[in-house]
Amino acid sequence: MTELLAGVSGVDEAFIYGSWAARHAGEPGPVPADLDVLVVGTADLDDLDTLERQARDRLGFDVHIHRTSREAWDEPADDPFLSHVRDRPLIQLDLSQSSNNKPRPDQVNTSPGEDEGH
């Protein structure tokens, strides 16, 4: 996901949340069936839809991207969804990596429960 998101205009920050982040944090549960990604910024929704399809094709399972504004992310009290996401495990993606570089192994590991080096 890092490699795909690094080249998208308007992405200030991105996080993996939900069951993948929970398993990475050591919470027990089944292997996740999809990947939930939160994008903070003004990225075009059509671009994010395209990225979802690319990620699904690359990873072999569904990817769901939720976009929120910087203002909403910084002040989530009025948004129950963002408040819940902030209260649960998150994995921040390092978007400083150029989309032309090969991803580090810890950025492409898709197996929850294995050490992902984050």
| request: Pull out the extension gain between residue 77 and residue 9, defined as 0.36 nm times the separation in residues minus the alpha carbon to alpha carbon distance; nm, one decimal. | output: 21.8 nm
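How big is the charge dipole of the stretch 1-61 about its Cα centre, in debye rounded to the nearest 20, if each Lys and Arg gets +1 on its Cβ and each Asp and Glu gets -1 on its Cβ?
Details: 4 positive and 12 negative charges, 64 e Å.
Dipole of the stretch 1-61, to the nearest 20 debye: 300 debye.
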| query | Gain in length, residue 94 to residue 59, computed as 0.36 nm per residue apart minus the alpha-carbon separation, to one decimal in nm? | reply | 10.8 nm
| In square nanometres, what is the average projected area of the Cα convex hull of the stretch 25-64? | 3.6 nm²
| task | For the stretch 2-97, build the charge dipole from Cβ charges (+1 Lys, Arg; -1 Asp, Glu) around the Cα centre, then report which of 2, 84, 25 sits farthest towards its positive end. | result | 25
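Taking 0.36 nm per intervening residue step and subtracting the Cα-Cα distance, what contour gain separates residue 25 from residue 70 on full extension? Walk me through the numbers before you get to the answer.
Numbers: separation 45, 0.36 × 45 = 16.20 nm, distance 2.50 nm.
Full extension from residue 25 to residue 70 adds 13.7 nm.
Would you mind computing the Rg to Rh ratio of the stretch 2-97 from its alpha-carbon coordinates, Kirkwood style for Rh? Please list the in-between numbers first.
Values: Rg = 13.1 Å, Rh = 13.8 Å.
Looking at the stretch 2-97, the ratio lands at 0.95.
Throughout, read-outs are computed from the coordinates displayed, never taken from laboratory work. Remember, predicted model here, so these are calculated numbers, not experimental data. Neighbour counts run over all protein chains shown; Cβ positions are idealised from the backbone, glycine included.
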